[in-house]
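Structure, as structure tokens:
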Amino acid sequence: MWRPFFQPYHLIIVQDGDPSKTIKVPEGFDYELHNRNDINRILGPKASCISFKDSACRCFGYLVSKKKYVYTIDDDCFVAKDPSGKDINALEQHIKNLLSPSTPFFFNTLYDPYRNGADFVRGYPFSLREGVPTAVSHGLWLNIPDYDAPTQLVKPLERNTRYVDAVMTIPKGTLFPMCGMNLAFNRELIGPAMYFGLMGDGQPIGRYDDMWAGWCTKVICDHLGFGVKTGLPYIYHSKASNPFVNLKKEYKGIYWQEELIPFFQSAVLPKDCTTVQKCYIELSKQVRANLVKLMNTSSS
């Protein structure tokens, strides 16, 4: 199903879980496949920074990629169809999003003004119409939405059938829940911040790896003057994960996010943080100073 869309690109497959299992990749793809043994061999003592038995293992792919644009997708995602029944080329739309500017400093009510058939509305300042570079393109999902465990439990049969034909820039100063299921980014602009938090085997919580990356990335994009877009493209998400398993992974995070989000909302980076690397290191210092108490209170 993905062949016509993936075949022109270089694929990096990060195998989660048991490295002794063999993944068979169909013929005709330009790919590299990495399992846990490869991660341990390549990173040595630093391999512990890559999650194990968790979808956050994908950020090893970001690390070894040499491409400017990276698209990441889950293994239970399929090609979606638009309302006319045509297969959606998700990569094409993500590249369009990343190649067109963003407008984080003033909201255009007619969605993305750079799209064919759209423009800036009356009252939009001309000084801001050039926009800023787009660092992140956040796509959405048809069929099974990206819900947390409590919402899954109360709405087990809910499916997203609405195809909203729109892309918009998330405003400066506004955080968002970033899902890693259908996501693209400019590695040269924001790559070092796109670290999916350490989750999975041996860690106290799960399912917040992409959320963590989203909060860090958005704070840094806001500071450096980059944009984040959300909306098109859609993929078809086919398999709802078990809500009871998810709740076990998530329940500490559900409490923690109520303090994590205000921290990121109020985080201020100094002017001398002029690169993504400097921003992330500064943010990590603020995390250590302000959020370590969450771990201590939860363990007691």
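Please report, in debye to the nearest 20, how large the charge dipole of the stretch 68-297 is about its Cα centre when each Lys and Arg carries +1 at its beta carbon and each Asp and Glu carries -1 there.
Using only the charged Cβ atoms, the result is roughly 280 debye.
Please report, as a whole percent, how much of the solvent-accessible surface of the stretch 68-297 comes from carbon and sulfur atoms (probe radius 1.4 Å).
That share works out to 56 percent.
Among His94, Val154, Pro192, which residue has its Cα positioned farthest towards the positive end of the charge dipole of the chain, with +1 placed on the Cβ of Lys and Arg, -1 on the Cβ of Asp and Glu, and the dipole taken about the Cα centre?
Highest projection toward the positive end goes to Pro192.
Taking a 1.4 Å probe, which of Val268, Val276, Val64, Val292 shows the most accessible area, and what order do the others take after it?
Val268, Val292, Val64, Val276
With viscosity set to 0.890 mPa s and temperature to 25 °C, compute the Stokes-Einstein D of the stretch 68-297, Rh being the Kirkwood radius across alpha carbon pairs; µm²/s, no decimals.
For the chosen part, D equals 131 µm²/s.
When the expected Rg is taken as 2.2 N^0.38 Å, what fraction or multiple of it is the alpha-carbon Rg of the stretch 156-250?
1.21
At a probe radius of 1.4 Å, what is the per-residue accessible area of Arg129, in Å² to the nearest 10?
Rounded to the nearest 10, the figure is 50 Å².
Of all GluC sites (Glu not before Pro) in the stretch 18-106, which ones are in loop regions per DSSP and have a Cβ with at most 11 other Cβ atoms within 10 Å?
Within the stretch 18-106, the qualifying GluC sites (Glu not before Pro) (loop, at most 11 other Cβ atoms within 10 Å) are Glu27.
Convert each backbone phi in the stretch 152-168 into a coupling constant with the Karplus relation 6.51 cos²θ - 1.76 cosθ + 1.60 (shift: θ = phi - 60°), then list the ³J(HN,Hα) values in order as whole Hz, x for Gly and Pro.
4, 5, 8, 10, x, 9, 5, 9, 8, 10, 8, 9, 9, 7, 8, 10, 9
Considering the convex hull of the alpha carbon atoms of the stretch 143-204, report its projected area averaged over all viewing directions, in nm², one decimal.
That works out to 7.0 nm², a quarter of the Cα hull's surface.
Would you check the accessible area of Met181, probe 1.4 Å, heavy atoms only, in square angstrom rounded to 10?
10
Give me the accessible area of Asp75, 1.4 Å probe, in Å² rounded to the nearest 10.
So the heavy atoms of Asp75 present about 140 Å² to solvent.
Order His94, His34, most accessible first, counting only protein heavy atoms with a 1.4 angstrom probe.
Most to least solvent-accessible, the answer reads His34, His94.
Two decimals, Cα atoms only, Kirkwood Rh: what is Rg/Rh over the stretch 252-297?
1.03
What 222 nm value per residue comes from the helices of the chain, counting each DSSP H run with n ≥ 4 as -39,500 (n - 2.57) and dividing by all residues, nearest 500 deg cm²/dmol?
Helix-only estimate at 222 nm: -10500 deg cm²/dmol.
Would you mind computing Rg(Cα) / (2.2 N^0.38 Å) for the stretch 188-300, counting N as its residues?
1.18
Positive end of the charge dipole of the stretch 68-297 (Lys, Arg +1 and Asp, Glu -1 on Cβ, about the Cα centre): tell me which of Tyr236, Gly253, Cys77 has its Cα farthest that way.
With unit charges placed on the Cβ atoms, the residue in question is Gly253.
With every protein chain left in place, what is the accessible area per residue of the stretch 68-297 in square angstrom, probe 1.4 Å?
On a per-residue basis, the stretch 68-297 sits at 51 Å².
Please arrange Ser137, Ser20 by accessible surface area, largest first, computed with a 1.4 Å probe and ligands excluded.
Descending accessible area places them as Ser20, Ser137.
Starting from the 7 Å offset along Cα-to-Cβ, what nm value, one decimal, do you get for the label separation of Ile13 and Ile261?
3.7
Please build a GNM for the chain, connecting alpha carbons under 10 Å apart, and tell me which residue among Trp256, Trp212, Trp141 fluctuates the most.
Trp256
The values are calculated or read from the model by the stated rules, or taken from the named source; none is laboratory data. Remember, it's a predicted structure, so these values are computed and weren't measured experimentally. So basically every Cβ, Gly included, is an ideal-geometry build from the backbone, and we count neighbours across all protein chains shown. All accessible areas refer to the heavy atoms of the entire protein, side chains included, with ligands and DNA or RNA removed. Shrake-Rupley method; radii C 1.70, N 1.55, O 1.52, S 1.80 Å.
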